[in-house]
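In what follows, a single structure is set out as structure tokens and then discussed.
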Amino acid sequence: SGLMQGKRGVILGVANNRSIAYGIAKACRAQGAEIALTYQGDALKKRVEPLAAELGGLVLGHCDVTDGATIDAVFDVVKEKWGKIDFVVHAIAFADKDELDGRYVDTSPENFSKSMLISCYSLTAIAQRAEKLMTDGGSIITLTYYGAEKWMPHYNVMGVAKAALEASVRYLAADLGEKNIRVNAISAGPIKTLAASGIGDFRYILKWNEYNAPLRRTVTIEEVGDSALYFLSDLSRGVTGEVHHVDSGYHVVG
Ligand code: 0WD
């Protein structure tokens, strides 16, 4: 038994055992879900395969969200294995490291387009494929950050992409609601992951959150995973289009 018993889902964005997506995958498994992971490129394949084995999950193959054919390919594999799915976790973002420092005003058009494509449009691209397999309804979640709502140091183009991502959650929720497919976002507090290591002065941001968040600490991937269970399970069956903060309460003071 468990909150996720009988549910099957695809989790995109596991890079290693510090990834937020890995925390969510662990929580889903602990509550009885069956999970399928994807990886981006051969370097991550070597990291993702053992993690999938440890969790007793499937590996669907290479998925680079900038290449629609690779998205189709992994959804074809899951369709063949399971026929239908119940949930999708989108935990993917990218911005050129050189522009996660300094000023937003200096963003190049190339980095702006690529960051928006990978960090924002990819949720829509994945929802298009997921819709076809969510024949009994479903739940889609994405990961966002407070830099979408307020200026944050060095977050720059990612803040703009996350704002667009949060707007996408609302539009996707409205489009897919009649099929009982819910779309929500978790706005996680800062966590030291591979993606976060690209952000300038990240250690300072962690410290700032520790000193100022109501809970006087940062959050863990396990805590984000447990909160994700609410959105991915039937507990939240009346909830869609929401952006929910899992940030030790930082958003009430920052
Ligand atoms: O403080 C943090 N770490 C927060 C992260 C606070 C709030 C939100 N988030 C978000 C991130 O913006 C992202 O959307 O959580 C999500 C997951 O990020 P993460 O767990 O912090 O980082 P990481 O473990 O690096 O996973 C992100 C992965 C990539 O890893 P790398 O580091 O190789 O970029 O996103 C994937 C990749 O696996 N990814 C892609 N997947 C498919 N196609 C692509 C792509 N083109 N680009 C990146």
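The values are calculated or read from the model by the stated rules, or taken from the named source; none is laboratory data. None of the values given here were measured: they were computed from a predicted structure. Here the Cβ is made from the backbone with ideal geometry for all residues, glycine too, and neighbour counts use every protein chain on show. Note: areas computed on protein heavy atoms with side chains; ligands, DNA, RNA excluded. Shrake-Rupley method; radii C 1.70, N 1.55, O 1.52, S 1.80 Å.
Could you please let me know if Met116 is closer than 24 Å to Val74 by Cα, in contact with a helix residue (DSSP H, G or I) (Cβ under 8 Å, 6 or more places away or on another chain) and touching a residue at least 12 places away in the same chain (Cβ under 8 Å)?
Here the answer is yes, as Met116 does meet what is asked.
Return the pair list, or none, for Cβ contacts closer than 8 Å from residues in the range 6-19 that are farther than 13 Å from Ile35 by Cβ to residues that are within 11 Å of the ligand (Cβ to nearest atom) and of a type in the set (Phe, Trp, Tyr), at least 6 apart or on different chains.
Asn16/Tyr22
Taking the conditions exactly as written (within 24 Å of Ala127 (Cα to Cα) and among the hydrophobic types (A, V, I, L, M, F, W, C)), does Ala53 satisfy them or not?
In short, no.
For the range 208-233: of the residues being outside any helix (DSSP H, G or I) and in contact (Cβ under 8 Å) with a residue 40 or more places away in the chain, which is farthest from the ligand (Cβ to nearest atom)?
Taking the candidates together, the pick is Ser233.
List, please: which pairs have Cβ atoms under 6 Å, are six or more places apart or on different chains, and start with a residue in the range 28-45 that is under 19 Å from Leu235 (Cα atoms) and end with one that is part of a loop (DSSP other than H, G, I, E, B) and open to solvent by less than 10 Å² (accessible area, probe 1.4 Å)?
Qualifying pairs under 6 Å: Cys28/Met4; Gln31/Met4; Gly32/Met4; Ala33/Met4.
Among the residues of the range 180-200, is any farther than 25 Å from Tyr104 by Cβ and open to solvent by 80 Å² or more (accessible area, probe 1.4 Å)?
yes
Could you tell me whether any residue of the range 27-43 is within 15 Å of the ligand (Cβ to nearest atom), of a type in the set (Lys, Arg), under 18 Å from the mean Cα position of the chain (by Cα) and closer than 25 Å to Glu222 by Cβ?
Within the range 27-43 (the criterion being within 15 Å of the ligand (Cβ to nearest atom), of a type in the set (Lys, Arg), under 18 Å from the mean Cα position of the chain (by Cα) and closer than 25 Å to Glu222 by Cβ), the answer is no, since none of the residues qualifies.
Filter the range 114-138 for residues that are surrounded by 18 or more Cβ atoms within 10 Å (Cβ to Cβ) and away from the ligand (no atom under 13 Å from the Cβ) and give the result.
Correct list: Ala127, Arg129, Ala130, Leu133, Met134, Gly138.
Among the residues of the range 184-207, write down those that are modelled with pLDDT under 95 and more than 9 Å from the ligand (Cβ to nearest atom).
Gly200, Asp201, Arg203, Tyr204
Starting from the range 125-154, keep only residues that are over 15 Å from Phe87 (Cα atoms) and at pLDDT 95 or above, then list their pairs with residues that are among the aromatic types (Phe, Trp, Tyr) and in a helix (DSSP H, G or I) whose Cβ atoms are within a distance under 7 Å, requiring at least 6 positions of separation or different chains.
Tyr146/Tyr250
Among the residues in the range 86-98, are any over 17 Å from the mean Cα position of the chain (by Cα) and either surrounded by 19 or more Cβ atoms within 10 Å (Cβ to Cβ) or part of a helix (DSSP H, G or I) (or both)?
Within the range 86-98, one or more residues are over 17 Å from the mean Cα position of the chain (by Cα) and either surrounded by 19 or more Cβ atoms within 10 Å (Cβ to Cβ) or part of a helix (DSSP H, G or I) (or both).
On the basis of being without any contact (Cβ under 8 Å) to a residue 24 or more places away in the chain, away from the ligand (no atom under 16 Å from the Cβ) and over 15 Å from the mean Cα position of the chain (by Cα), does Glu178 make the cut?
So Glu178 fits the description; yes.
Going through the range 44-88 one residue at a time, which ones are among the small types (Gly, Ala, Ser) and more than 16 Å from the ligand (Cβ to nearest atom)?
Ala53, Gly56, Gly83
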